[in-house]
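Take a look at the structure set out below.
The values are calculated or read from the model by the stated rules, or taken from the named source; none is laboratory data. Fair warning: this is a prediction, and the values are worked out from it, not measured in the lab. When we count neighbours, we look across all protein chains shown, and the Cβ atoms used for this are built from the backbone with ideal geometry, even at glycine.
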Amino acid sequence: MTDAAPASSEMPAAVPENKDGRGPWATALRRLRRSRAAIVSALILALIVLACALAPLYAGLAGSDPFRSNLGGKIMVEGKRVPVMQPSTTGLGLGVTPIGPTWGTAYMLGADTQGRDVAARLLYGGRNSLFIAASATAICLVLAAFVGIVAGFAGGVVDMVLSRILDVLWAFPVYLLAISLSIVLLNSSFTLGPVTITSGSLILPIGIIGVIYVPYVARPVRSKVLTLRQSEFVLASIGLGMPVSRILTRDILPNVIPTLIVFVPILLALSIVTESALSFLSIGVQPPDASWGTIIQDGQSLLYSRPTVALAPGIAIVLTVLALNVLGDCLRDALDPRFKLG
Amino acid sequence: MNGKTLVTLLAAGLTLASTTSLVSAQSRAELMAAHRGGTLKLVARAAGGTIDPHVNYTLQYWQLYQSVYDGLVAFQKGDGIDGTVLVPDLAEAIPEATNDGKTYVFKLRSGIKFSDGTDLGVDDVVASFQRIFKVSSPTSGTFYNGIVGADACIADPATCTLDGGVISDAAAGTVTINLVAPDPEFFFKIAVPHASILPAEAPTTDVGVAPIAGTGAYMFTTYNPNESLVMVRNPNFTEWSEKAQPDGFVDSIEFGFGLTDEGEVTAVQNGQADWMFDQPPTDRLAEIGTNYADQVHVNPLTAFWYAPMNVNLAPFNDVRVRQALNYAIDRDALVGIFGGQVLAQPVCQILPPGFPGHEDFCTYTTDPGTVWSAPDLEKAKALVEESGTKGQTVTVISDDTAVSREVGTYLASVLSDLGYDASVKAISANIQFTYIQNTNNNVQISVSQWYQDYPAASNFLNVLLSCASFHPGSDSSVNIAGFCDKDIDARMQAAMAQAVTDPEGANVEWAKIDRAMMDAAPMAPLFTPKHVDFLSKRVQNFTFSNQFQWVMALSWVQ
């Protein structure tokens, strides 16, 4: 008993040291490095994040403001000044169509119905989509870890109450819950103590998405903690009279973290898709802000004449989510102690 | 517009003109013999609500009612401006006013039957006018409140008798209508579907989806708002006036609901539908205007798109801010959003072109004169600076249809250029119009449209901006700006009174009122739209009335 306690306090007991003497994290990292799928996915993600981070640079080079209408604007294309919004010159002369992709610096992917540069909006929209997804994921993981650990470790009435709350949340279809919350909160400003959150704030979609996925993470965390609660090193700590806070932070949390890490890419992917869906329905990111979902909505009325407007953010979402899912699979395998390197 | 476009337009116009002259050249009987029969298939995104003609207030069904119901008088079923001419319908003639313009005696035609086989009588006329109040018709308090006894009917609709207001004489076959005061627009008001004459036995509540018998060439048979509305020939109909209620060419009309507007275009292109009610989506306009030019009809509307600004809420409670926005708007850009110069025309006044009282003027442009030329952003910014409202938060409320949302987004962008923290909120088109009317929602600025009910200046200026049209806290406050200027109100009352004896003089006064309104700028007029009718190849003899648009009874499909 006396030998077990220090060991459990120093390292995650459920993730044993590898035969070659490396720690579990180093082993996982080594496995990831040796996975081509993981490297390609990470590169794609890095590229997307970098491109979005450089949005102001592109907008500056293109000379376009992605948040202001430019219906009467003109740009240089192949040495000629052409209108961004182009009136039809055939037949009855009906309709005005935004300029298509120029594949040049300005209006690389063409214009939307407000004459705005789609490429610039795509990059700025990506910043919002990624920021919302990352923030919502962080909120979700913190809440889920807290609820799962408390429920699993405390057991009894606390476990029953928290589990039933999770059951109630679980019972709602996730999109129905998200849409309901969005409609209620977006209709007016939302006051939380001294803080007032306006209807156009990004905090609303972040909070909504962060909350709705809590049951999906908290349940596996609780299951893990229930198992850990009965493990020898935890029982030893309890027997030695260690404070609960120490047991939770030194024995339980380190063993829960791999589970949480595996959820990161999955949650990021889910959050991006959910945010896009909400924004597409006008109940996520509010104009003049952009996100990939709002740009798809902008492009909906141009599907026939300028499909690029909707396709570009669609492709961005698919690439990001695909990369996150592949990376998530690789991460899960890398953190699995039973996984054997080929 | 380039030369090629002009040639195509002229060709389309000549084709239309030749078709029209063809009709006048041949006798109607010959045309009927050659083209009678078939089914006209119409499509729309959604149904238009209740089928009750005393309650429904949508162009979608008002178009259909023209061939199903009749009033004592009617707008002529004719092309263009002819469609705004009043003709006697169920009445034998349009009567002269007596009793200082307050009394009209209508002699009812004999031998007319409802589609259920019952005879039309004077009691049906009295009951119908009472029913307008009993079902709380949307215009009962505005169009028909001038009838003697209307006050009591508005106060207690269930017991409405219009005592002393609508009096029948069965022996003489006459109906006498007494007004509280002379009303130059009285005949217009009784020519719209809300004053349709229905059987006296018609339920005194909104019938919803259960059709009521009418006297027109067609009758409704089935109505399922989730699926379709079907009209067939009225077996008891005999044409009494070609101008008021012409017999129709097609045997039946089927109106299907549920397609998207993209789907509607495709259905018409493929010949699966003959006409789409909704305007074609903007990204299909170039295609149909090029590849289907001979199936497209573009006609001007007496209507306008505008942005009402709440004169009782910051920052628009400052006239300089309202004027600034008027100066800053690039109306050409908005015309582009609607589909280009062929489909819309920039305006900066309230009365539409060609409307009674309209005189071209534009104050809010770089070069003030008769037409809008370009935005004056410098002047606009100076006015905002002067007002000290820069930096305030403004939310533009549009509806969620594509064009309205785009107009709202554009206005938010202009307000941002002027220094405001502006955003746009697009809400469902089903509720937006009532939402922006209710002062409890604190709407600062919105996107709206107004289409004429009948051709009179008061139908725009008095309805949209009079003190009487402003009802704080109500969903039915069509004076969305909440504008109430006692002086201008008095001038409008005087102009309406003048119109009884001197309509021309009254129109001159209305033109001045239009200018006075725009000086106060409670709204930003944006553009006056044109209407696109996209028809299948087989629809011939398209006739567009300025009043109720397509006169379906005059078209044939075989």
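For the range B:491-499, check the following and say yes or no: at least one residue is part of a strand (DSSP E or B) and away from chain A (no Cβ under 14 Å). Scanning the range B:491-499, I find no residue that is part of a strand (DSSP E or B) and away from chain A (no Cβ under 14 Å), so the answer is no. A:ILE139 passes every criterion in (1) aliphatic (A, V, I, L, M); (2) within 14 Å of chain B (Cβ to nearest Cβ); (3) surrounded by fewer than 23 Cβ atoms within 10 Å (Cβ to Cβ) apart from (2). Exactly one residue among B:ALA333, B:ALA328 is in contact with a Leu (Cβ under 8 Å, 6 or more places away or on another chain), modelled with pLDDT under 95 and under 26 Å from B:HIS358 (Cα atoms), and that residue is B:ALA333. Condition check for A:VAL318 on (1) away from chain B (no Cβ under 14 Å); (2) of a type in the set (Val, Ile, Thr); (3) surrounded by 18 or more Cβ atoms within 10 Å (Cβ to Cβ); (4) more than 20 Å from A:VAL225 (Cα to Cα): one failure, at (3). For B:GLU96, the criteria (1) in a loop (DSSP other than H, G, I, E, B); (2) surrounded by fewer than 19 Cβ atoms within 10 Å (Cβ to Cβ); (3) in contact with a Lys or Arg (Cβ under 8 Å, 6 or more places away or on another chain); (4) not basic (Lys, Arg) hold in every case but one, which is (3).
Looking only at residues in the range A:293-304 that are crowded, with 19+ Cβ neighbours inside 10 Å and over 21 Å from A:THR274 (Cβ atoms), the one that is modelled with the lowest pLDDT is A:SER301.
Tally time: how many residues in the range B:379-397 are farther than 15 Å from B:ILE329 by Cα and at the interface with another protein chain (Cβ under 10 Å from one of its Cβ atoms)? Residues flagged as farther than 15 Å from B:ILE329 by Cα and at the interface with another protein chain (Cβ under 10 Å from one of its Cβ atoms) within the range B:379-397 amount to 2.
Checked against (1) under 30 Å from A:TRP25 (Cβ atoms); (2) without any contact (Cβ under 8 Å) to a residue 12 or more places away in the chain, A:LEU268 meets all criteria but (2). If I go through the range B:283-301 residue by residue, how many of them are in a loop (DSSP other than H, G, I, E, B) and touching a Ser or Thr at 6+ places or on another chain (Cβ under 8 Å)? Looking only at that region, the number is 1. Only one of the listed residues (B:ILE132, B:ILE197) is of a type in the set (A, V, I, L, M), out of contact with any Gly (no Cβ under 7 Å at 6 or more places or on another chain) and crowded, with 23+ Cβ neighbours inside 10 Å. That residue is B:ILE132. Contact annotation: residue pairs with Cβ atoms under 9 Å, 6 or more positions apart or on different chains, pairing a residue in the range A:194-214 that is within 14 Å of chain B (Cβ to nearest Cβ) with a partner that is assigned to a loop (DSSP other than H, G, I, E, B) and acidic (Asp, Glu), are A:GLY200/A:ASP289; A:LEU202/A:ASP289. Considering B:SER128, B:SER115, the condition of being in a loop (DSSP other than H, G, I, E, B), within 17 Å of B:GLN245 (Cβ to Cβ) and of a type in the set (Gly, Ala, Ser) is satisfied by B:SER115 alone. In summary, strands (runs of 3 or more DSSP E) completely within the range A:12-124 and bearing 2 or more residues that are crowded, with 17+ Cβ neighbours inside 10 Å occur at A:85-87, A:96-98.
Listed here are the residues, each with its yes/no results for (1) of a type in the set (S, T, N, Q); (2) assigned to a strand (DSSP E or B); (3) in contact with a Pro (Cβ under 7 Å, 6 or more places away or on another chain).
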| position | (1), (2), (3) |
| --- | --- |
| B:ALA213 | no, no, yes |
| B:PHE237 | no, no, no |
| B:PRO246 | no, no, no |
| B:GLY256 | no, yes, no |
| B:THR266 | yes, no, no |
| B:ALA273 | no, no, no |
| B:TRP305 | no, yes, yes |
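The residues of the range B:512-552 that are crowded, with 20+ Cβ neighbours inside 10 Å and more than 28 Å from B:VAL403 (Cβ to Cβ) amount to a single one, B:ILE513.
Of the residues A:ALA290, A:ALA310, the single one that is among the aliphatic types (A, V, I, L, M), buried (at least 24 other Cβ atoms within 10 Å of the Cβ) and within 18 Å of A:PRO66 (Cα to Cα) is A:ALA290. Of all residues in the range B:167-187, those that are closer than 20 Å to B:ASP453 by Cα have Cβ atoms under 9 Å from Cβ atoms of residues that are assigned to a strand (DSSP E or B) and of a type outside the set (Val, Ile, Thr), 6 or more apart or on another chain, in B:PHE186/B:TYR104; B:PHE186/B:LEU179; B:PHE187/B:LEU86; B:PHE187/B:TYR104. Within the range B:307-341, the set of residues being surrounded by 23 or more Cβ atoms within 10 Å (Cβ to Cβ), within 14 Å of chain A (Cβ to nearest Cβ) and part of a loop (DSSP other than H, G, I, E, B) comprises B:ILE329, B:GLY339, B:GLY340.
For the range B:398-421, the set of residues classified as crowded, with 21+ Cβ neighbours inside 10 Å, outside any loop (DSSP other than H, G, I, E, B), more than 8 Å from every other protein chain (Cβ to nearest Cβ) and not hydroxyl-bearing (Ser, Thr, Tyr) consists of B:ASP399, B:VAL403, B:ARG405, B:VAL407, B:GLY408, B:LEU411, B:LEU415, listed by residue number. Within the range A:263-281, the presence of at least one residue that is within 14 Å of another protein chain (Cβ to nearest Cβ), surrounded by fewer than 21 Cβ atoms within 10 Å (Cβ to Cβ) and in a loop (DSSP other than H, G, I, E, B) is confirmed.
Every test in (1) hydrophobic (A, V, I, L, M, F, W, C); (2) touching a helix residue (DSSP H, G or I) at 6+ places or on another chain (Cβ under 7 Å); (3) modelled with pLDDT of 95 or more is passed by B:PHE255 save one, and that test is (2). Evaluated against (1) touching an Asp or Glu at 6+ places or on another chain (Cβ under 9 Å); (2) assigned to a helix (DSSP H, G or I); (3) not β-branched (Val, Ile, Thr), A:LEU319 falls short on exactly one condition, (1). If you filter the range B:422-461 down to residues that are away from every other protein chain (no Cβ under 13 Å) and among the hydroxyl-bearing types (Ser, Thr, Tyr), you find that the one that is surrounded by the fewest Cβ atoms within 10 Å (Cβ to Cβ) is B:THR434.
Could you go through the range B:19-39 and let me know if any residue there is assigned to a loop (DSSP other than H, G, I, E, B) and hydrophobic (A, V, I, L, M, F, W, C). No, every residue in the range B:19-39 fails to be assigned to a loop (DSSP other than H, G, I, E, B) and hydrophobic (A, V, I, L, M, F, W, C). Could you give every pair whose Cβ atoms fall below 8 Å, whose first residue belongs to the range B:266-290 and is within 14 Å of chain A (Cβ to nearest Cβ) and within 17 Å of B:ARG45 (Cβ to Cβ), and whose second residue is of a type in the set (Ser, Thr, Tyr) and in a strand (DSSP E or B), counting only separations of at least 6 or pairs across chains? So the pair list comes out as B:ASP283/A:THR97. Scanning the range B:135-151 for residues being crowded, with 17+ Cβ neighbours inside 10 Å and part of a helix (DSSP H, G or I) gives a total of 1.
Among B:ASP70, B:ASP100, B:ASP79, which is the only one that is under 19 Å from the mean Cα position of the chain (by Cα) and at pLDDT below 95? That would be B:ASP79, the only listed residue that is under 19 Å from the mean Cα position of the chain (by Cα) and at pLDDT below 95.
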